[in-house]
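Q: Quick one: this structure, given as structure tokens, is what I'll be asking you about.
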Amino acid sequence: MNEETRKLKRMSVFLPPSAIGILGGGQLGRMLALEARRSGYRVVVLTDEPKGCPAGQFADVELNGSYTDAALLGRFLELVDVVTAEFENIPDACLRAVEAVKPLRPGRIAIYTAQHREREKLFLREHGIACAPFRIVEDLAGLEKAVAELGRPCVIKTAAFGYDGKGQAKVTGETVLAEVWKAFEGAHAVVEQWVPFVMEVSVVGARGVDGSMAVHGVVENEHADHILDVSIAPARVSAAVEREALKLWEAVAEGLDYVGTMAVEMFVTGSGEVMVNEIAPRPHNSGHHTIDACGTNQFLQQMRAVCGLPLGDAGLRTPAVMVNLLGDVWPEPEVHPDWSAVLEHPRAKLHLYGKEQARAKRKMGHFTVVGDEVEAVLKEAREMQGRLKRG
Ligand code: AMP
């Protein structure tokens with residue numbers, strides 16, 4: 001390594017009490033802020049949410065307003081040393097403005113690619129990373145051609161700003177394409193072949209400034225109404241599926257020259273094929289168990305990667321099950337459920353995100369149960385979930 005490279009490497013390391021800027025104010029930023037402050041960093045949150053947002057509650061400074069407000073962005077950039085993001089739907093103008101002034105980790109291209117399904121799919125295709133066969137369409141004629149080529153059933157998804165199953169529709173034998181297209185009119189859409197998966201899994205891990213990588217292992221995910229319901233770690237998959245999933249995560253991380261924590265969601269088919277469904281350029285809901293079950297959790301690892309520190313030991317130390325707590329289990333928007341089902345258990349942990357108003361489908365918190373054997377932990381977690389739902 002020559003002197004210049006050494007200098008550059010030094011410049012890319014930020015030690016406490018440097019200030020980490022977080023774009024976004026949700027629970028992922030909150031859990032990052034907690035880890036960063038515990039480690040002695042300062043935290044500055046920029047969010048378009050009102051004052052007192054989940055991440056803002058643990059920040060040294062919370063700035064509220066538009067991501068494209070030049071004056072606000074200017075103040076943010078003056079206060080921070082390095083910047084990361086806790087959600088991907090950030091206007092590109094904001095990412096460009098940040099990157100011009102301070103290190104942005106992950107970089108703009110990684111966020112820009114993962115925030116948009118069309119770009120994401122084209123990236124996967126270009127890098128030879130397995131995913132469902134797809135077509136990009138921009139009008140009804142294109143949709144008809146794509147469906148004829150891919151066959152029914154298939155799925156149509158908006159290219160931009162979709163999450164948790166929003167902005168997508170299943171095309172079955174009966175679907176009238178002209179009817180479906182009305183909801184997508186004017187926008188690019190991605191049409192994907194239907195994957196007859198037997199399991200959905202994800203891999204969450206981090207890549208450092210130096211290209212080193214550490215993953216938390218393969219997690220099995222169950223959804224309800226397109227929203228993550230339960231994550232099971234380790235996933236109950238064969239060694240071959242596990243290897244393939246980890247290989248796909250690494251291919252995505254390297255292809256994006258990624259720095260920070262990243263999640264890749266995947267489908268596993270009956271024949272053991274693994275395909276990438278989505279890339280999240282940030283920590284992920286399916287990595288929340290890492291707080292209670294891994295040597296270094298996904299948020300601490302994000303902090304380490306973003307600050308140019310060596311990555312920590314990410315490995316899973318104990319089987320764990322994470323259960324999401326949506327607003328639906330709150331009896332009233334401001335009345336909390338009776339938490340005793342979770343709090344009574346010596347190996348369960350309750351995590352709440354500081355959101356004042358519970359709404360249906362809103363992610364309010366989660367709980368994690370750990371234990372010696374994954375099936376037994378899952379059974380206990382399900383029982384607790386049932387008790388909470390019954391109220
Ligand atoms: P997404 O918003 O792309 O993560 O999709 C939400 C959910 O829809 C996934 O978790 C799957 O359960 C289902 N889904 C999405 N794409 C496909 C596909 N190509 N084949 C089968 N199911 C899919």
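Q: With n ≥ 4 as the cut-off for DSSP H runs, can you work out [θ] at 222 nm for the chain, using -39500 (n - 2.57) per run divided by the number of residues, rounded to the nearest 500?
A: Rounded to the nearest 500, it is -9500 deg cm²/dmol.
Q: In Å and whole numbers, how far do the C-alpha atoms of region 3-104 stretch along each principal axis, longest first?
A: Ordered largest first, region 3-104 gives principal extents of 46, 31, 21 Å.
Q: Based on Cα coordinates alone, diagonalise the gyration tensor for region 216-268, multiply each eigenvalue by 5, take square roots, and list the semi-axes in whole Å, largest first.
A: The equivalent ellipsoid of region 216-268 has semi-axes of 20, 15, 9 Å.
Q: Okay, next question. Once all Cα-Cα distances of the chain are split into 20 Å bins that start at 0, what whole-number percent is in each one?
A: Values per bin, smallest distances first: 27, 59, 14, 0.
Q: Turning to a different aspect of this structure: Positive end of the charge dipole of the chain (Lys, Arg +1 and Asp, Glu -1 on Cβ, about the Cα centre): tell me which of 73, 358, 123 has its Cα farthest that way.
A: It is 73.
Q: Arrange the following residues from fewest to most other Cβ atoms within 10 Å of their Cβ: 81, 92, 313.
A: Result, fewest neighbours first: 313, 92, 81.
Q: Based on alpha-carbon centroids, what's the gap between region 287-312 and region 80-107 in Å, whole number please?
A: Region 287-312 and region 80-107 have Cα centres separated by 20 Å.
Q: Let me ask another. Defining a contact as two alpha carbons under 8 Å apart and six or more residues distant in sequence, what relative contact order in percent does region 3-104 show?
A: 29 percent
Q: List the residues whose amide H sits under 5 Å from the amide H of residue 358, counting only those 5 or more places along or on another chain, with H placed 1.01 Å from N in the peptide plane.
A: Those qualifying (amide H under 5 Å, at least 5 residues apart or on another chain) are 334.
Q: Another question, if that's okay. With a/c under 1.5 counting as rounded, go ahead and sort region 133-193 into rounded, prolate or oblate using the C-alpha gyration tensor (a ≥ b ≥ c being the square roots of the eigenvalues; past the cut-off, prolate if a/b is larger than b/c, else oblate).
A: rounded
Q: How charged is the neighbourhood of residue 64? Take every other residue with its Cβ under 12 Å from the Cβ of residue 64, and add Lys/Arg as +1 and Asp/Glu as -1.
A: Numbers: positive: 51, 75; negative: 48, 49, 62, 69.
After counting each charged neighbour, the total is -2.
Q: What are the ³J(HN,Hα) couplings of region 57-74, residue after residue, when phi is run through the Karplus curve with 6.51, -1.76, 1.60 and θ = phi - 60°? Round to Hz, x for glycine and proline.
A: Once θ is set to phi - 60°, the couplings for region 57-74 become 4, 10, 8, 6, 9, 10, 10, 10, x, 6, 5, 10, 7, 4, 5, 5, 4, x Hz.
Q: Given charges of +1 on the Cβ of Lys and Arg and -1 on the Cβ of Asp and Glu, with all other atoms neutral, how large is the dipole of region 133-193 about its Cα centre, in debye to the nearest 20?
A: Using Cβ point charges on Lys, Arg, Asp and Glu, region 133-193 gives about 140 debye.
Q: How do 289, 223 line up, fewest other C-beta atoms within 10 Å first? Walk me through the intermediate numbers first.
A: On the way: 289 29, 223 13.
Taking fewest neighbouring Cβ atoms as first place, the list is 223, 289.
Q: With charges only on Cβ, +1 for K and R and -1 for D and E, what is the dipole size of the chain about its Cα centre, in debye, rounded to 20?
A: Here the size comes out at about 680 debye.
Q: In addition: Starting from the Cα gyration tensor of region 50-204, take the square roots of the eigenvalues, sort them a ≥ b ≥ c, and report rounded, prolate or oblate (rounded when a/c is under 1.5, otherwise prolate if a/b is larger than b/c, else oblate).
A: Details: a/c = 2.40, a/b = 2.19, b/c = 1.10.
It comes out prolate by the Cα gyration axes.
Q: Okay, next question. What size of dipole, in debye to the nearest 20, comes out for region 197-390 about its Cα centre when the only charges are +1 on Lys and Arg C-beta atoms and -1 on Asp and Glu C-beta atoms?
A: That gives region 197-390 a dipole magnitude of about 360 debye.
Q: When all C-alpha to C-alpha distances in region 197-390 are sorted into bins of 10 Å, what percent of pairs does each bin hold, rounded to whole numbers?
A: All Cα pairs considered, the percentages come to 10, 36, 35, 17, 3.
Q: Taking θ = phi - 60°, what integer Hz values does the Karplus form 6.51 cos²θ - 1.76 cosθ + 1.60 yield along region 88-103, in sequence order, with x for Gly and Pro?
A: For region 88-103, the Karplus-derived couplings read 9, 7, 9, x, 4, 4, 5, 4, 5, 5, 5, 4, 5, 10, 9, x Hz, x marking Gly and Pro.
Q: Sorted from fewest to most neighbouring beta carbons within 10 Å, what does the list 136, 22, 111, 129 look like?
A: 136, 129, 111, 22
Bear in mind these aren't lab numbers, they're just calculated from the coordinates by the rules spelled out. Note that the coordinates shown come from a computational prediction; the quantities given were computed from them, not determined experimentally. In this analysis, Cβ positions are derived from the backbone assuming ideal geometry, glycine residues included, and neighbour counts consider all displayed protein chains.
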